[in-house]
Every structure is written in C-alpha cells, then in structure tokens.
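Reading through the structure tokens given below for one structure.
Please treat every number below as a calculation from the coordinates, not as lab data. As the structure is a computational prediction, the values presented were derived from the model and not from experiment.
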Amino acid sequence: HADHFRQGIPAGGGGGDLRGSAIDAVAGLDLSGGLIYTLACHAGLNVPPENSTEPLDLVEAFTRKGANYIGNTGYGWGYLYGIGLSEQVIQFFTAELKKGGSIGGALTKAKRQYYQLTRANSPFDEKVMQQITFYGLPMFEFPKSLGPEPFPGVEDNFQIGGTLSGGALVI
C-alpha cells in the first residue's frame, strides 16, 4: 500500500512505511541508473510541493537521488484469485526487463502485451494502462551484465500464497 508520499513496508521487513522525506534526507544516497517500480496505489502520483499532506512525494524523492521510477498515479489493482490488472502489467514488465534493453521499451512492450491479452475491454483495463507512469529517461538500458537471473529470489510467474525463494531480500 502507498500514498503519494509513503510506501508501506511489509511486516517481514520491519513494518511501517518509507516516506519520501526520509529518502531525501539520506545524505550521499546515489541511486543513479537505478530502477524502482511498484504497483502500489498512488505511489507514482506527483503532486505540487504546496500540498497540505506532505511536501515531497515518492516520485520526486527517488528521482532527486537519480533513480528511474515507475508507479501508479491512481489505484494499483489486482485480483483476489489469480494475476490481473496492475499486477499483470508489472509481471509483463518484469519479464521484459529480464530480456535486457531499454526500460522505456520494456514498459511499452508490457503495456502492449497487456492490451493484446485483455483487448482493454473494460474501463479498469484502460485505467491500468494509463496510470502506470514512468519517470526517468526511457532510453536507459537495463544492464545485461547482471547474468541470467537479474532479480534473485523474484519469480516472474507469481503464484498466490507463494514466497520469495532462498530468503532473498528484495528492496
């Protein structure tokens, strides 16, 4: 779960939340060339600093540190049983990243694959494709030097009730 200014942390990771202001406060944090993506609700919503809730959103906090960032500007949706909606786009995106190439190209291909699968036959499908937003330079290449398993412990065929393999820590 997220808001524009904070990302929830699962209880296994200590619980609580990670706020944009906390990210910004870490001196010397350099995420240049990094990629952070989430399907959490509103985590990609960029708001003016004059907003009354929190002056620094996640998008601005991560991009200030040099990261490429992908998040939903609205609700991140999924199915109770099975993979669908925002979950499906992110699953397709992860699979495309593993092939190498540009980050922007991977997101474009993931959205195209989602459209071809669903034919965007509902307002929910249309919304899902519109609200997953990329902040950064789309021509950045995902490094091919990471080897055959660039995301250790993360499967691109997620299963309900599944766990990360090998106790790997994923941030």
By the Cα gyration tensor axes a ≥ b ≥ c (a/c under 1.5 gives rounded; else a/b larger than b/c gives prolate, otherwise oblate), the shape of the stretch 1-154 is oblate
Could you tell me the convex hull volume per residue, in Å³, taken over the Cα atoms of the stretch 1-87? 109
The base-10 log of I(q)/I(0) that the Debye equation returns for the stretch 27-76 at q = 0.25, 0.28, 0.30, 0.31 Å⁻¹, one scatterer per C-alpha, is -0.94, -1.04, -1.09, -1.11
In nanometres, the difference between 0.36 nm per residue of separation and the alpha-carbon distance of GLN116 and ARG64 is 15.2 nm
Could you state the number of Å between the C-alpha centres of the stretch 1-40 and the stretch 76-122? 22
